[in-house]
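To start, the structure under review is shown below, and the notes come after it.
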Amino acid sequence: MNLYSLTRRFPTEKDALNHLVKTRWPKGVRCVACDHGKCWPIESTNKTGGLRRLFQCASCKFQFSATTGTLFHDSHLPLTKWFAAISLMSDAKKGISASQLGLQIGMTYKTAWYVAHRIREAMQEAKDIQLGDPDTTVEIDEAYIGGRLRLKGSKVAKASKTMVIGLAERNGRVHLESISNRQFESIKPVLEAKLAEDTKEVVTDGNCTYSRLIPKEKNARGNHGKELRERDWTTTQTVENAFSLFKRAIVGNYHKLSPWHLDRYMREFCWRYNRRCMQASIFDMALSSMVSRTPLPYKTLVAF
């Protein structure tokens, strides 16, 4: 949903709040403390004169709002600004920086950074989601993510980068995750968690580690050196394209990423990439995920 459509759909804070309530409780408001199905609405104004809507449980008398216990929790930012931020991050193919987000909506950099990370927390797949099926080919490869260190030597420069493993279905979904190295102990947990056992074919490079993890009859090993000479890069082209798109996002938008938050950015990228054909409903998907996840306190976010 673009910003023009967003402002027409939610012109006021009340419209945005009504939509948030319906998104969180499509079958009617339920108490967040005891799950009782009868709650009384309470409307008042806050200190700045804005609408303040609470609900009181008829059973336990607990008072709560539509944002209680969600990623919106403890935020004084208007919902219209939240919705605009969700729309911008959902539609941006290569992401949007906190600096640009703040300029577009009217927030300080610190607020925009915190808002972006809370939205990013919602943009992640379920942990039990696996790639591949009996009719799908999955490509697996690794890449190095990180900036250049000039005049430091290749070994120092390589040590400063973060290794990332990527799994990509041809014409399908993608999963990127940081790993410590290319060894068996680092790659095995990722494949066990994210690669379906009944996958039709798994295409890898010449890394011998994969021959120990993937059955021989399913593993198609490519030769990047030969492909580079013949200019026919086909074996892991899908996952390489995903790496390239993510790196373009770093170079063009973020410029620099902290290794501590790299996986958050990759989860956001994969979530948006896997829904690239669902642009009409991607805003509502992000909003539903925002109200179904637990709060992300600022202290937790910055505690490296």
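The values are calculated or read from the model by the stated rules, or taken from the named source; none is laboratory data. Since this is a predicted model, take the numbers as computed values, not measurements. When we count neighbours, we look across all protein chains shown, and the Cβ atoms used for this are built from the backbone with ideal geometry, even at glycine.
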For region 65-81, name all the residues that are of a type in the set (Val, Ile, Thr), within 25 Å of residue 254 (Cα to Cα) and in a loop (DSSP other than H, G, I, E, B).
none
Please list, ordered by first then second residue, the pairs with beta carbon atoms under 6 Å, 6 or more apart or interchain, first in region 277-290 and over 16 Å from residue 267 (Cα atoms), second in a helix (DSSP H, G or I).
283/87; 283/90; 287/23; 288/23
Output the qualifying pairs, or none if there are none: Cβ atoms under 6 angstrom, residues six or more apart or on different chains, first residue in region 237-253 and outside any helix (DSSP H, G or I), second residue of a type outside the set (Ser, Thr, Tyr) and surrounded by 17 or more Cβ atoms within 10 Å (Cβ to Cβ).
none
Quick one: which of 142, 185 is under 21 Å from residue 273 (Cα atoms), at pLDDT below 95 and of a type in the set (Asp, Glu)?
142
Meets criteria (surrounded by fewer than 16 Cβ atoms within 10 Å (Cβ to Cβ) and touching a residue at least 60 places away in the same chain (Cβ under 8 Å)) for residue 258:
no
May I ask you to list pairs of residues, at least six apart or on different chains, whose Cβ atoms are under 6 Å apart, with the first in region 180-195 being touching a residue at least 40 places away in the same chain (Cβ under 8 Å) and closer than 14 Å to residue 167 by Cβ and the second being polar (S, T, N, Q) and surrounded by 13 or more Cβ atoms within 10 Å (Cβ to Cβ)?
194/130
Within region 82-118, work out how many residues are part of a helix (DSSP H, G or I) and either under 14 Å from residue 283 (Cα atoms) or of a type in the set (Ser, Thr, Tyr) (or both).
14
Being surrounded by 16 or more Cβ atoms within 10 Å (Cβ to Cβ), under 22 Å from residue 119 (Cβ atoms) and touching a helix residue (DSSP H, G or I) at 6+ places or on another chain (Cβ under 7 Å) narrows 92, 66 down to just 66
Collect the residues in region 119-143 that are in contact (Cβ under 8 Å) with a residue 40 or more places away in the chain, closer than 18 Å to residue 282 by Cα and in a loop (DSSP other than H, G, I, E, B), keeping them in residue-number order.
123, 124, 125
Residues in region 258-289 that are under 20 Å from residue 127 (Cβ atoms), touching a Lys or Arg at 6+ places or on another chain (Cβ under 8 Å) and part of a helix (DSSP H, G or I): how many?
8
Residue 204 vs. criteria among the polar types (S, T, N, Q), in contact with a helix residue (DSSP H, G or I) (Cβ under 7 Å, 6 or more places away or on another chain) and buried (at least 20 other Cβ atoms within 10 Å of the Cβ)
yes
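Please find, among 30, 53, the residue that is surrounded by 15 or more Cβ atoms within 10 Å (Cβ to Cβ), in a strand (DSSP E or B) and not β-branched (Val, Ile, Thr).
Within the list 30, 53, the selection yields 53.
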